[in-house]
1. When you check A:Asn416 against the structure, is it assigned by TED's automatic domain parsing to the domain that holds A:Pro363 and touching a helix residue (DSSP H, G or I) at 6+ places or on another chain (Cβ under 8 Å), yes or no?
2. How many residues are β-branched (Val, Ile, Thr) and touching a residue at least 24 places away in the same chain (Cβ under 8 Å) when one looks only at region A:317-332?
3. Given the conditions (1) touching a residue at least 12 places away in the same chain (Cβ under 8 Å); (2) open to solvent by 10 Å² or more (accessible area, probe 1.4 Å); (3) charged (D, E, K, R), report the number of the one that A:Asp194 does not fulfil.
4. Which residue pairs have Cβ atoms closer than 8 Å, lie 6 or more positions apart in sequence or on different chains, and pair a first residue in region B:34-47 that is at the interface with chain A (Cβ under 7 Å from one of its Cβ atoms) and within 21 Å of A:Met218 (Cβ to Cβ) with a second residue that is open to solvent by 50 Å² or more (accessible area, probe 1.4 Å) and at pLDDT 85 or above?
5. Do we have A:Lys457 as within 26 Å of A:Pro393 (Cα to Cα) and either surrounded by 19 or more Cβ atoms within 10 Å (Cβ to Cβ) or assigned by TED's automatic domain parsing to the domain that holds A:Gly351 (or both) here?
6. Specify the residue that is farthest from the other protein chains (Cβ to nearest Cβ); the eligible residues are those in region B:1-27 that are modelled with pLDDT under 85 and open to solvent by less than 70 Å² (accessible area, probe 1.4 Å).
7. Residues in region A:378-388: is at least one within 21 Å of A:Ser582 (Cα to Cα), in contact with a Ser or Thr (Cβ under 7 Å, 6 or more places away or on another chain) and either assigned by TED's automatic domain parsing to the domain that holds A:Leu451 or surrounded by 17 or more Cβ atoms within 10 Å (Cβ to Cβ) (or both)?
8. Hey, does region A:259-281 have a residue that's more than 29 Å from A:Leu196 (Cβ to Cβ) and part of a helix (DSSP H, G or I)?
Amino acid sequence: MEKFYYDNAIVRKFALATIMWGITGMLVGLWAASELVWPGVNLTSWLSFGRIRPLHTNAVIFAFVGNGIFTGVYYSLQRLLKTRMFNDTLSNINFWGWQLIILAAVITLPLGLTTSKEYAELEWPIDIAITLIWVVFGWNMIGTIIKRRTQHMYVAIWFYIATFVTVAVLHIFNSVEIPVYFMKSYPWYAGVQDALVQWWYGHNAVAFFLTTPYLGLMYYFVPKAANRPVYSYRLSIIHFWALIFLYIWAGPHHLLYTALPDWAQSLGVAFSVMLIAPSWGGMLNGLLTLRGAWDRVRDGVVLKFMVVAITAYGMSTFEGPLLSLKSVNVLAHFTDWIIAHVHIGGLGWNGMLTFGMLYWLIPRMWQTELHSKKMANQHFWIATLGILLYTIPIYWAGFVQGLMWQQFNPDGTLVNKDFLETVTKLAPFYLMRVIGGTLYITGATMMAVNLYKTMSKGVFLANEEAEAAPRVKNYTDPASEHWHRGVERKPGKFVVLTLIVILIGGAIEIIPTILISSNIPTISQVKPYTPLELEGRDIYIREGCNNCHSQMVRPLRFETARYGEYSKAGEFVYDHPFLWGSKRTGPDLHREGKGNKQNRSDSWHYSHMLDPQEISPGSIMPSYEWIIDDDLNTSHTKDKISAMRSIGVPYPEGYEDKVFDEMGIQSAGIAERILEKLKDEGYDQSDIEALQNKEIVALIAYLQRLGSDIHNDPNEDK
Amino acid sequence: MTSIDGIEIYPVISLVIFFAFFIGLIYWVFTTNKATIKEVSQYPLED
């Protein structure tokens, strides 16, 4: 027998970070939710909805759940392998590096430094830092596996390995971007290809960051808390391989009825439907582990949290395939239904499993009893009620709005012609969400207090003594043994096998679209953006307009009746990045430009950005005064043109020299049209010059360009 | 779709990979050694 010590100090660090970032991330979410009820809560530019919605998602996914993953992995990995972590320094680099990345996100996202790609908003220097820290995590984990004392790798570790491998692949492929300057980049891919890669990433961020590592935690902590082995270890093997094999194909279900090629959409649907099998296999395996132990669920708070978590996992993974069916997706896509769906997963599955794990871990590491079981039980009921109060109204809001968009009068016109009519209806649901969210955060705060008191009364055990026999070095396979047992003993082989399995789906899904440009029919009228429009587009990205406005008119009658001609793949070939969006809190903007159905004037946009409620009473859009006040920064315009050319946008050589002349002409025209309307004759040349250099003019130039190229004469060169 | 040369092979390849993968998986799971399964499933409970 060898004596050694488990490192609890690193687990403590991650656990405290989980609690702190969890409450922070939820509070940001609560703030964002309040902004949709009271637009005045958009107090400053850096607190506006478009900027803090990504902060909420990033904080909850990467800070709360991310630290939760590390807490659970660092605790369970050592014990499942009967060894201390490979290297304490690596553990600490992993911890501090991850916290610094989160801090960078907390600073940059409210400043509007964003790539706009959902759950991948962080700019290129932070992307590089994420890659490095992730490698440190993987290195430390695989090193630990190699020096283990057990013969085999328990199934939880397979989930951890798959998480490490796949997140690395996803992050690298989705972050292929060319830096323009510090904290600004353009993605290599454009339009449809960018959308496909982004949602291959986005979907698998859910799969391999929010799901597989937590399934690993489930396979460790549920048997631990119930004090019995998992219901069926065989089922867990099928669960693992089937899940990672299928998940990677399902991304295109986020892009149904869009300009993505049909074959890719169908592939996504087919695999999404099949996903229900392994997901429910896993859920049942978790729940059935408790067979005959339901008295423990009644008596202990840890298992209560875990049962709700696993049930929420089952609900989300039933709903996911359902939502990927085209007929359901038509109603649900772009509505709050999706927000409710992800919050069943986030609040239910990730949140409750994390709480259960913390209530189990903290008293053990501090060698004491939980400060108050009563308070923990109260947390459980408040959190459960909070989830219901959050999700039920938001599901309802989704149905209501989705149905309202589709209603036609007998004469073939839309019942709710004005998009705003479908927004004002949602106010009471949004208010109920704020209440539900407040309850959930109250519960989490109670947990923080309870755990703090537990820590205060206990004595922390930084190095936990353990004993185990060393691993047999020249282990010979029993004759009857199957080949997989060998793979399980060899982490290197296991990593490669996992990589192959996830790359199969990824490759078949993505390669045809990326490599073959003929997949995207070109439209001869579609031309690159002018320098002013490009700058306007970057303001659109900075403000996170895509968080509330889609740019994708689907080829459906109720869509074309509302917005005009449906969006075509060829219209997005110069869009680095694509800005299709995933949620319509406001109307679609792809046909917002000149010559389309809306055909709004430049001055309308100007007044609307200044005070949306004045122009559209009842609107929940924030005011964008700062865009009107601030001068446009043109110091990087030439670099942006060069960067765009280097990734295939056909700006002529030497175009940089003409950039400012062209911007001057276009911006003066817009400024003059605005002043003409707003000031009648009471303006002169100096007013035009003052206005034309403002950010608002660039933004209007971009908005007026949206979806307008198809009206150009195909024979005329612009 | 028709614009990509030889794309017809894609769905066929996908189906073959998919089938082979799951047949292999099922075969392996049902032929694994019961004692090993039992041993490994006890891992979380041995601290």
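The values are calculated or read from the model by the stated rules, or taken from the named source; none is laboratory data. On a predicted model such as this, the values are computed, not experimentally measured, just so you know. With ideal geometry, Cβ positions are generated from the backbone for all residues, glycine too; neighbour counts draw on all protein chains shown. Side chains are part of the model used for accessible areas, which takes the heavy atoms of the whole protein and leaves out ligands, DNA and RNA. Shrake-Rupley method; radii C 1.70, N 1.55, O 1.52, S 1.80 Å.
1. Yes, satisfied.
2. The qualifying residues number 2.
3. All conditions pass for A:Asp194, except number (2).
4. B:Ile37/A:Arg234; B:Leu45/A:Asn227; B:Leu45/A:Arg228
5. no
6. Step by step, filter region B:1-27, then rank; the result is B:Gly6.
7. Checking region A:378-388: not a single residue is within 21 Å of A:Ser582 (Cα to Cα), in contact with a Ser or Thr (Cβ under 7 Å, 6 or more places away or on another chain) and either assigned by TED's automatic domain parsing to the domain that holds A:Leu451 or surrounded by 17 or more Cβ atoms within 10 Å (Cβ to Cβ) (or both).
8. Among the residues of region A:259-281, not one is more than 29 Å from A:Leu196 (Cβ to Cβ) and part of a helix (DSSP H, G or I), which makes the answer no.
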